[in-house]
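Q: One structure coming up, written as C-alpha cells, with questions to follow.
Each value in this text was obtained by applying a stated rule to the coordinates, not by laboratory testing. What you see is a predicted model, and the numbers here were worked out from it, not measured in a lab. Here the Cβ positions follow ideal geometry from the backbone for every residue, glycine too, while neighbour counts run over all protein chains shown.
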Amino acid sequence: MIAAQKLERIVVTRDPAGTRALAAAFAAAARPGDLISLVGELGAGKTQFAKGFGAGLGIADTIVSPSFVLMAEYRGRLPLFHVDLYRLANAAEALAGGLIDERQAEGVTIVEWAERLADAMPAERLDVLIDGAGDDPRRISIRPSAESYARYLEAVPATVEAAEIPAAGSPPAEARR
Ligand SMILES: Nc1ncnc2c1ncn2[C@@H]1O[C@H](COP(=O)(O)OP(=O)(O)OP(=O)(O)O)[C@@H](O)[C@H]1O
Ligand SMILES: [Mg+2]
C-alpha cells in the first residue's frame, strides 16, 4: 500500500474559473468531518477555491471571505464551514472560540491561512497549497495528510492540466515575486 502522505498532485489553473472548477470537482469527494487547509499568499486564490467548493456542494449563497468573523457557515449537500484566519492574533484565540471542534463533524471545514493555527490544526486533513498571484497561472498542490483523504486525489478532473509526482522528490513551492 502506498502511504497517502507520499502522494501529491499538482494542478495548474490559468484563471479563477479554473480554480473554482477544480474545487467544485473536489466537493464531489467531500464527506462529513473533512478538513481542508488552504495555504497561499495574499490573492493566491484561496477564496476562489472556497467559492468553487461551495458551488460543488450545491450552496446557492455567494461565498465571500469571512473577513470580520472567523467562520461563516453555509448550507449545501453538506454544511460548509468557511474559516479565514488572516486576522487571527494567535491560535489559542481560535481554539478558545471553538474554531475547530465537534460542530464541524457534520460538514466540511475549509480554512484559509491554515498555517496560522500551526500545530493546533488537526493533523488529518487535505492540504491545498496555491502558488502564484496576479494574472499568473496557479500551481495548486493537493496533498492528503492521511489515507482517508487520498480519495481527493482521484477527484482531480481529467480536463485540468495535471501531473502526479511523489512529494518526497519535489522541491518546495517557491514564492513568486
Ligand atoms: N488561476 C487563478 N486562480 C484563482 N484566482 C485567480 C487566478 N488567476 C487570477 N486570479 C485572481 O486572483 C485573485 C484571487 O483572489 P482570492 O480572494 O481568491 O485570493 P485569496 O488567496 O483568498 O486572498 P486573501 O489572502 O486576501 O484571502 C482574484 O482576483 C482572481 O480573479
Ligand atoms: Mg481569501
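Q: Please report, in debye to the nearest 20, how large the charge dipole of segment 8-169 is about its Cα centre when each Lys and Arg carries +1 at its beta carbon and each Asp and Glu carries -1 there.
A: Working: 16 positive and 23 negative charges, 73 e Å.
Value, rounded to 20: 360 debye.
Q: I would also like to ask the following. Which translational diffusion coefficient, to the nearest whole µm²/s, is obtained for segment 8-169 from the Stokes-Einstein equation, given a Kirkwood hydrodynamic radius over C-alpha pairs, 10 °C and 1.306 mPa s?
A: For these conditions, the coefficient is 102 µm²/s.
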